[in-house]
Amino acid sequence: MKVSVPATIANFGPGFDVFGLCLEKPRDFIRVELSEEIEVKVKGYKVPEEPNKNAASISALSLLRQVGIESGFKMKLKKGIRPKSGLGSSGASALGGALAIARLLDIDNKEIILRAALEGEKVASGTPHGDNVVPALFGGFVILKSLFPLEVFKIDAKLELVVVLPEVEVSTKRAREVLPKYVPLSDAVRNLALASSLVLALENGDIEKVGKSLDDYLAIPYRKPLIPWFDKVRKAALESGAYGVSLSGSGPAMFALGENLDEIGKAIVEAFEEEGINAEYFISKVGGGAE
């Protein structure tokens with residue numbers, strides 16, 4: 001069985017741990033066949049090949065345990081999503097491993113697949129958060145109300161966005177560790193207003209209002225020490241015509257909405273370079289999920 005799983009944007013502005021958007025590209029490709037032994041081979045971006053350290057194989061093993069099947073597997077992972085980029089790299093691998101085994105065994109239950117995928121995500125990021133694996137599975141824009149029982153609301157958003165990937169790393173585990181347990185009530189209310197406005201704007205296809213609803217007061221302010229370049233890069237994006245700009249997941253990738261996405265992408269890359277950081281950009285539509 002061969003599956004491909006796309007990159008995702010977690011949080012998507014004000015929706016910390018709740019909103020997720022599936023991209024068309026880049027993607028991880030995972031090929032699995034059942035075997036008596038367990039073997040993992042990796043091409044592309046470097047990730048561990050040890051079965052107990054690789055997100056894809058951990059998820060595959062978890063699914064086999066869930067359904068009570070004793071088997072090994074041979075797995076080939078073509079890693080197309082850069083690790084620690086903020087584009088759901090570990091989530092893509094984790095979902096791919098679980099999904100490939102599930103399809104081999106004719107298992108369609110999404111809760112079983114996601115439960116296994118979250119085991120791989122947990123090892124990679126320290127927390128079994130679902131705002132990468134869920135949009136990667138369902139495609140489109142998703143609102144994750146509950147993982148268990150699984151409750152997901154999906155909007156088939158029609159939009160293009162520019163994603164900028166700088167050559168720096170931000171550890172998801174570290175980015176979650178710096179978040180406070182409590183936030184001011186006023187900040188929670190502001191995020192609630194932004195999140196509600198964003199969902200309505202997406203439903204109405206009003207991309208400008210979506211962009212203007214991308215601010216966040218729950219996570220990004222506390223992650224500023226890990227991303228000291230954020231304010232300067234954001235300012236450059238807005239001055240180049242972006243409707244809105246935000247971090248993808250915990251960063252360092254950033255994304256923006258606007259009319260001339262090439263100009264916006266170039267402006268963000270230039271802002272990063274002024275900070276001494278190489279960066280590249282690409283434009284993607286909203287993707288349909290794992291295949």
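The values are calculated or read from the model by the stated rules, or taken from the named source; none is laboratory data. Note that the coordinates shown come from a computational prediction; the quantities given were computed from them, not determined experimentally. Here the Cβ is made from the backbone with ideal geometry for all residues, glycine too, and neighbour counts use every protein chain on show. We work out accessible area using only protein heavy atoms, side chains counted, and drop any ligands, DNA or RNA first. Shrake-Rupley method; radii C 1.70, N 1.55, O 1.52, S 1.80 Å.
With the checklist (1) touching a Phe, Trp or Tyr at 6+ places or on another chain (Cβ under 7 Å); (2) open to solvent by less than 30 Å² (accessible area, probe 1.4 Å); (3) farther than 22 Å from PRO252 by Cβ; (4) at pLDDT 95 or above in hand, flag the one item ALA157 doesn't pass.
(4)
Could you figure out which of (1) at pLDDT below 95; (2) out of contact with any helix residue (DSSP H, G or I) (no Cβ under 8 Å at 6 or more places or on another chain); (3) crowded, with 24+ Cβ neighbours inside 10 Å isn't true of LEU23?
Condition not satisfied by LEU23: (1).
Which residue out of PRO252, PRO221 is open to solvent by 40 Å² or more (accessible area, probe 1.4 Å) and either free of Cβ contacts under 8 Å to residues at least 12 places away in the same chain or of a type outside the set (Val, Ile, Thr) (or both)?
PRO221
Taking the range 174-190, which residues are open to solvent by less than 70 Å² (accessible area, probe 1.4 Å), farther than 11 Å from TYR217 by Cα and in a helix (DSSP H, G or I)?
Answer for the range 174-190, where residues must be open to solvent by less than 70 Å² (accessible area, probe 1.4 Å), farther than 11 Å from TYR217 by Cα and in a helix (DSSP H, G or I): ALA175, ARG176.
Output the number of residues of the range 198-218 satisfying the condition of being free of Cβ contacts under 8 Å to residues at least 60 places away in the same chain and outside any helix (DSSP H, G or I).
Final tally of qualifying residues: 3.
Only one of these is part of a loop (DSSP other than H, G, I, E, B) and under 30 Å from SER4 (Cα atoms): GLY276, GLY288, GLY265, GLY241. Name it.
Among GLY276, GLY288, GLY265, GLY241, only GLY288 is part of a loop (DSSP other than H, G, I, E, B) and under 30 Å from SER4 (Cα atoms).
What number of residues in the range 224-246 are over 16 Å from LEU261 (Cα atoms) and either under 20 Å from the mean Cα position of the chain (by Cα) or open to solvent by 20 Å² or more (accessible area, probe 1.4 Å) (or both)?
Final tally of qualifying residues: 8.
When you go through SER213, SER197 one by one, which is the residue that is within 19 Å of ASP17 (Cα to Cα), open to solvent by less than 20 Å² (accessible area, probe 1.4 Å), out of contact with any Cys (no Cβ under 7 Å at 6 or more places or on another chain) and of a type outside the set (A, V, I, L, M)?
Matching residue, one of SER213, SER197: SER213.
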